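Working notes, beginning with the structure itself.
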Amino acid sequence: MVNWVKPTTSAPLAFFSVVQNTCSLVDREHIFLFGGRGPGGDLATASLYDPGARTWIPVGGVKKPPKRSCHASVVFEKVFVHGGMSGDTVLDDMWMWDGEEWSQVRYDKSTEPMPARCGHSASAWVHKKHKEPCVFFFGGDTTGRGGSSNDVWIYSLKTNKWKHVTTYAGNAPTPRFGHSSCVFDSNWVIISGGYSGGWLSNYVLSDMHTYDLQANCWFSVELCGMKSSTCLTHLVLISPTRTVFSFGAHDPETGVGPVSSDVYRMSPLITYVSFAALRNQVESMSEVINLSFDSQSEGVGRAIRKVDALMKRLETVEKEIEGLRTANEYLTRQLEAVQGSSYPKRVDREDEDEEEADFQVNDDR
């Protein structure tokens, strides 16, 4: 049972209908609202909502990000906004709000940044191996006209470096944009719904996938207890209960049509132990492969020297075989000459005997 309460404000701001914006929880007490598209076009406004005081707080600053909609936003101590659309332009920049001022994030030039896109998803987590905060980016529209993608990019908030993940286990989800995502148990990114570009128009996706951040694997998630055509949107994880909520969905009969206000609650049935065991198997396999490559790399010089020595030995053997072949041909000719001079009369005599035998047989007849 879900009870909805419309918040009231003691000092409301002049808000109007806004779509394609981002809404994030900051410092566990405020909701950060940024950008979107209103009646006049794209916006660059930012506001904080205090549920306890029921008030809106305008976010100012000397600098502001350009106007945008369909962008992605994550919170890790600070608010990070990436990409989106500004008019007809697809953006690739990233901005950070530290609680007081905006500043543009400067990427490390030693790595190739993720191409511009909108309608993509972003999920923040702490990399367990490297102990650094990272952002997992997936999919998005790279053209602003429905050019859906399914590539994975990881951005380090510590080093400002990008990494394009091109090798992984499992099957990646269908290219999409306008989907939703959340991090579950700090180990898995859940991807759900969205749109994918077709020949004539975009079509709605109703599938769900999970990416294991530690084992680098994609898994397809089977949704039980609901119709397969339901397209879930706006995933939210409630950490204390380990439950994922989804607000809003397309018509469950067709998967298209107007968006509803339905709320779905999902509790993953797969246990942490079984998932962790599978990850350990994949990681062990990865370590074996890496060790194999490392061993080959360390011994590559020795292997090359062995190959060179073997090639030289083969050349020597080939020369020896050629010499034996020449000697064999010479001995064969000598043997034929000896046989030709020793047995001609015996051979002729055998022929004469055969003729006489035939003659005698004919006489008997």
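The values are calculated or read from the model by the stated rules, or taken from the named source; none is laboratory data. This is a predicted model, so every value here is computed, not measured. Note that we place each Cβ from the backbone using ideal geometry, even for glycine, and neighbour counts take in every protein chain shown.
Just a few scattered comments:
- Once the stretch 39-64 is narrowed to residues that are among the hydroxyl-bearing types (Ser, Thr, Tyr) and free of Cβ contacts under 8 Å to residues at least 40 places away in the same chain, the residue that is surrounded by the fewest Cβ atoms within 10 Å (Cβ to Cβ) is Ser47.
Table: residues versus (1) over 24 Å from Gly194 (Cβ atoms); (2) not small (Gly, Ala, Ser).
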residue: Glu29; (1), (2): yes, yes
residue: Gly35; (1), (2): no, no
residue: Gly87; (1), (2): no, no
residue: Glu112; (1), (2): yes, yes
residue: Pro115; (1), (2): no, yes
residue: Lys128; (1), (2): yes, yes
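- Check on Gly83, touching a strand residue (DSSP E or B) at 6+ places or on another chain (Cβ under 7 Å) and modelled with pLDDT of 90 or more: yes
- Counting only residues that are part of a loop (DSSP other than H, G, I, E, B) and touching a Leu at 6+ places or on another chain (Cβ under 7 Å), the stretch 67-92 holds 1 of them.
- Among the candidates Asn160, Asn150, the residue that is at pLDDT 95 or above, in contact with an Asp or Glu (Cβ under 6 Å, 6 or more places away or on another chain) and in the same structural domain as Gln104 (by TED's automatic domain parsing) is uniquely Asn160.
- Of all residues making up the stretch 186-205, the number that are surrounded by fewer than 14 Cβ atoms within 10 Å (Cβ to Cβ) and on the phi > 0 side of the Ramachandran plot: 1
- Selection of first residues in the stretch 204-222 that are within 11 Å of Gly170 (Cα to Cα) and without any contact (Cβ under 8 Å) to a residue 40 or more places away in the chain and of second residues that are surrounded by fewer than 19 Cβ atoms within 10 Å (Cβ to Cβ) and among the hydroxyl-bearing types (Ser, Thr, Tyr), restricted to Cβ pairs under 7 Å at least 6 apart or on distinct chains, gives the following pairs, ordered by first then second residue: His209/Ser220.
- Yes/no for Ala122 being within 23 Å of Leu25 (Cβ to Cβ) and among the small types (Gly, Ala, Ser): yes
- Per-region count, the stretch 121-160, residues surrounded by 18 or more Cβ atoms within 10 Å (Cβ to Cβ), assigned to a loop (DSSP other than H, G, I, E, B) and of a type outside the set (Gly, Ala, Ser): 2
- For Ser181, the conditions (1) modelled with pLDDT of 75 or more; (2) part of a loop (DSSP other than H, G, I, E, B); (3) among the small types (Gly, Ala, Ser) are fulfilled apart from (2).
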